[in-house]
1. Label segment 10-110 by shape, choosing from rounded, prolate and oblate, from the square roots a ≥ b ≥ c of the eigenvalues of the Cα gyration tensor; if a/c is under 1.5 it is rounded, and otherwise prolate applies when a/b is larger than b/c, oblate when it is not.
2. Along Cα→Cβ, 7 Å out, is where each label goes; now give me the distance between the ones at residue 81 and residue 36 in nm to one decimal.
3. Based on the mean of other Cβ atoms within 10 Å per residue, sort peptides 59-68, 22-31, 77-86 so the most packed one is first.
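Just so it is clear, none of the values below were taken in a lab; they were calculated from the coordinates. None of these values were measured; they are calculated from a predicted model. Methodologically, a virtual Cβ is constructed for each residue, glycine included, from the backbone with ideal geometry; neighbour enumeration extends over all protein chains shown.
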Amino acid sequence: MHLTSHPTGRAAYADTRKWLLDEHGPICAYCGQKFAVKVMTLDHVAPRRGQTAFDRRDNLVLACPACNGIKRDMAPLAFLLGNRARAVNLVKYGWHLSAGLIDMARALVPDAPPPGRPRLALSDLPALEDEEDPYA
Ligand SMILES: [Zn+2]
């Protein structure tokens, strides 16, 4: 995949939209529904705040107009918490996002597949009663 050396601007934006459509199809990364290509919008998962760095591909997903409208003024975490299905869909249709965003979505999906870089926590270890008893 050729990455453009000038990731901002209208042309790059159109490139990213096309790339996302090729990768995922016209599917909203939040509600998981399929829409007509022409209505799909690009959504900044983390709010842009006027910084061009946020136009990077790893901060953009396809969103339907309804989800984009709901999310507009919400922090990404609040938006995902409002409906956990959004986090499930974002894990599924947002694999190209930055690790920080993926981790945020995964944290809201208890049965998501394990991340590539596993972080062991006590709660992730199997319960003792599941282990075979070597003296049985
Ligand atoms: Zn949607």
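1. Values: a/c = 1.44, a/b = 1.20, b/c = 1.20.
Judged from the Cα gyration tensor, segment 10-110 comes out rounded (a/c under 1.5).
2. 3.7
3. Values: 59-68: 21.5, 22-31: 18.5, 77-86: 15.9.
Ranked by mean Cβ neighbours within 10 Å, highest first: 59-68, 22-31, 77-86.
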